[in-house]
Amino acid sequence: MIELTNVHKSFGKVEVLKGITASVEKGEVVCIIGPSGSGKSTILRCINGLESYDSGDISVEGARVDRNAPSIVSIRTQVSMVFQRFNLFPHRTALENVIEGPVYVKKEPRAAALERGRALLAQVGLAEKAEVHPPQLSGGQQQRVAIARALAMQPKAILFDEPTSALDPELVGDVLSVMRKLADDGMTMVVVTHEMGFARDVADRVLFIDGGVIVEQGPAKSVLNQPQHARTQDFLRRVLHPL
Amino acid sequence: MQAFWRDTIEFLPILMNGVALTIIVTIGSLLLSTLLGLIWALMRVSGIGVLSGLSAGLINVIRGIPIIVLLFYLYFVMPEFGLTLTALQAAILGLGIAYSAYQAENFRAGIEAIDKGQIEAAQAIGMGWRQTMRRVVLPQAIKIVLPPYGNVMIMMLKDSSQASTITVAELALQGKLIASSTFKNTSVFTLVALMYLTMSIPLILLVRHFEKRAGQK
């Protein structure tokens, strides 16, 4: 469903992606792990055209991703994004955030969008917060609204960019359990994360990225439990046993 | 003091005619400068080199010319190029253009203060540049822009007096005419100053209200 072929990307003189080749199948949950600055987030941002890439190819359901082509709008409505810092629109209520895309981009009738928006907020456990503005919500609640906003586009896949990294530890669980439910329902997901427990339990596949290349990839349990590459072993040791 | 009250009763009706024109000039040039300023600002942040360069150049040219010279130019020079304006039209156009530069810089600062994540979130749900501006950036930027906008309103109210230099009989010019024909300088100009102040006070209160609102998130 999502194909990356030999993708290269530089910021100025720094090459952050050095030939990434990977694919995500329909219904698959892929976690991308790796140290900070390894290029994990850049991969996600290239997939929905928030960043351009210098060479190689990215396609979503056969359509090439080009952030300057008109086709990018249709790709973005098929592949939603959830951000580390939520990026909810603070001047709109939770419900208005959720229906913004359906009503103003996909031109759905407002009444239908409102009804589905309320159902989605209920699905993420925030039915009673529909009329609240984001600054009055906790980080975990904001992120769940952001997930509902992503779902409202009825996407074929959702990209999660470190969705729990900006949250207080006690709020992480609520967000992860919403994501786990999505995975159980068969949503295609690409998740950049530092939550190794989530990756182990929920992901079908894990990619370990370091220095702009995929160092190791495979079924979640084998990469996380029996990493083959020395850099993967070292990274996992540091993450799982920081002391 | 009694003389002052007598003069007030005598001159107030004439000065009120001036007030009407002062208000027309202020509101007219405020609307024009807001519209032009918004256009310059959007050109500036468009990300299109030609537009943003053009807007930056225009803003600098406008900022570098004194209002009074701009007014003279519109009223006395433009007729030579076939464009004859009434004094009132020239005043509104001149003040509107002059202030558009300050409005543009204010609007640009407001737009650029919006978190980049907001723009990315809008793009990620498929919004284009225009929709992102209209639905996401501008509604948030307004809150930031309003307090300085209120200050511009006060400055424009006072600078509308420059229209007197091209014969618009607004408050300052009416005052000057009365004073020079009656020699009651003290009464007339005290009255004129008080009338400007009276018009400024609601605006000052408005700015305070904007500032309070911008303070609360």
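The values are calculated or read from the model by the stated rules, or taken from the named source; none is laboratory data. Bear in mind that the values here come from a model prediction, so they are computed numbers and not experimental data. Neighbour counts are summed over all protein chains in view; Cβ atoms, including those assigned to glycine, are modelled from backbone coordinates with ideal geometry. Surface accessibility is based on the protein's heavy atoms, side chains included, excluding ligands, DNA and RNA. Shrake-Rupley method; radii C 1.70, N 1.55, O 1.52, S 1.80 Å.
What does the average come to when, for each residue of peptide A:76-82, you count the partner chain Cβ atoms lying within 10 Å of its Cβ? Present the calculation step by step, with values, prior to reporting the outcome.
Values: counts 5, 3, 1, 1, 3, 5, 2.
Mean shielding count: 3.
Shielding by partners for peptide B:125-131, expressed as the average number of C-beta atoms from other protein chains within 10 Å of each residue's C-beta, is 6.
Look at the dipole of the protein assembly as shown built from charges on Cβ: of B:L93, A:A199, A:H241, the Cα furthest out on the positive end belongs to B:L93. Here chain B is treated with +1 on each Lys and Arg Cβ and -1 on each Asp and Glu Cβ, and its dipole about the Cα centre works out to around 580 debye. Take the alpha carbon gyration tensor of segment A:108-243, find the square roots of its eigenvalues, order them as a ≥ b ≥ c, and report rounded if a/c is under 1.5; if not, report prolate when a/b exceeds b/c, else oblate. Prolate is the answer for segment A:108-243, as a/c is 1.5 or above and a/b outweighs b/c. The charge dipole of segment A:74-197, taken about its Cα centre with unit charges on the Cβ atoms of Lys, Arg (+1), Asp and Glu (-1) only, comes to about 500 debye.
Here the Kirkwood formula puts the hydrodynamic radius of segment B:35-86 at 12.5 Å, using every distinct Cα pair. Over segment B:126-193, the Kirkwood radius and the radius of gyration, each from Cα atoms, give a ratio Rg/Rh of 1.37. Helical runs (DSSP H, four residues minimum) scored at -39500 (n - 2.57) apiece and divided by the length of the protein assembly as shown put the mean residue ellipticity at 222 nm at -18500 deg cm²/dmol. Average projected area of the Cα convex hull of chain B, in nm²? About 14.9 nm², averaged over all directions. For segment A:2-240, relative contact order (Cα pairs under 8 Å, six or more residues apart, normalised by length) works out to 26 percent. At 1.4 Å probe size, with no ligands or nucleic acids counted, give the accessible surface of B:R108 in Å², nearest ten. Surface accessible to solvent at B:R108 totals approximately 50 Å². How far is the Cα center of segment A:114-165 from the Cα center of segment B:66-91, in Å? With segment A:114-165 and segment B:66-91 each reduced to a Cα centre, they are spaced 57 Å.
In the protein assembly as shown, what percentage of the DSSP-assigned beta bridges are antiparallel, given to the nearest 5? Before the final figure, lay out the partial values.
Details: 21 of 38 bridges.
Around 55 percent of the beta bridges assigned by DSSP in the protein assembly as shown are antiparallel ones.
Can you pull out the buried accessible area for chains B and A, both sides counted, probe 1.4 Å, rounded to the nearest 100 Å²?
Details: alone 12040 and 11150 Å², together 21460 Å².
Chains B and A together bury roughly 1700 Å² of accessible area.
Counting only Cβ charges, +1 for Lys and Arg and -1 for Asp and Glu, the dipole size of segment A:1-131 around its Cα centre is about 260 debye. Taking max minus min of the alpha-carbon positions on each principal axis, chain A gives extents of 53, 44, 32 Å, largest first.
Here is the P(r) of segment B:76-192: all C-alpha pair distances, binned every 10 Å from 0, give 12, 26, 23, 20, 12, 6, 2 in whole percents. Cross-link partners of B:K184 among aspartates and glutamates, defined as those whose alpha carbon lies under 20 angstrom from its own and excluding same-chain residues fewer than eight positions apart: B:D7, B:E10, B:E170. The Cα atoms of the protein assembly as shown give a gyration tensor whose axes a ≥ b ≥ c have a/c of 1.5 or more with a/b greater than b/c, which makes the shape prolate.
Checking the Cα-Cα distances for A:K106/B:K116; A:K26/A:K156; A:K18/A:K40; A:K9/A:K106; A:K106/A:K156; A:K129/B:K143 against a 20 Å cut-off, the pairs over it are A:K106/B:K116; A:K9/A:K106; A:K129/B:K143.
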